[in-house]
Amino acid sequence: MNGRFLINRSDGKIMGVAAGLANWTGVDALVIRIGLVAALLVTGPVVVILYLLTGWLASEG
């Protein structure tokens, strides 16, 4: 982990949440995005709501 979680809008596709998580954890952004899609298929709209909340509330880096 690289300290504090920050959104990475420059490398992001939609809101930069997956790119920010990738920077924070050191995992490739594609793996994070695939995990988010898999979580969406399992939990439904819960992941979408959490993604949007993270995109709105997290600081930009």
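Every number here is computed from the coordinates shown, using simple stated rules; none is lab data. Just so we're clear, the structure is a prediction, and the values are computed from it rather than from any experiment. Because the Cβ atoms are built from the backbone with ideal geometry, glycine has one as well, and the counts that use them run over all protein chains shown.
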Q: Give the residue that is surrounded by the fewest Cβ atoms within 10 Å (Cβ to Cβ), with candidates limited to residues of segment 1-24 that are in contact with a Phe, Trp or Tyr (Cβ under 9 Å, 6 or more places away or on another chain) and of a type in the set (Val, Ile, Thr).
A: ILE14
Q | Pairs where the first residue, in segment 42-56, is surrounded by 13 or more Cβ atoms within 10 Å (Cβ to Cβ) and the second is β-branched (Val, Ile, Thr), C-beta under 8 Å, 6+ apart | A | TYR51/VAL17; THR54/ILE7; THR54/VAL17; GLY55/ILE7; GLY55/ILE14; GLY55/VAL17
Q) Within segment 25-41, restricting attention to residues that are under 19 Å from LEU57 (Cβ atoms) and under 10 Å from the mean Cα position of the chain (by Cα), which residue is surrounded by the most Cβ atoms within 10 Å (Cβ to Cβ)? A) ILE32
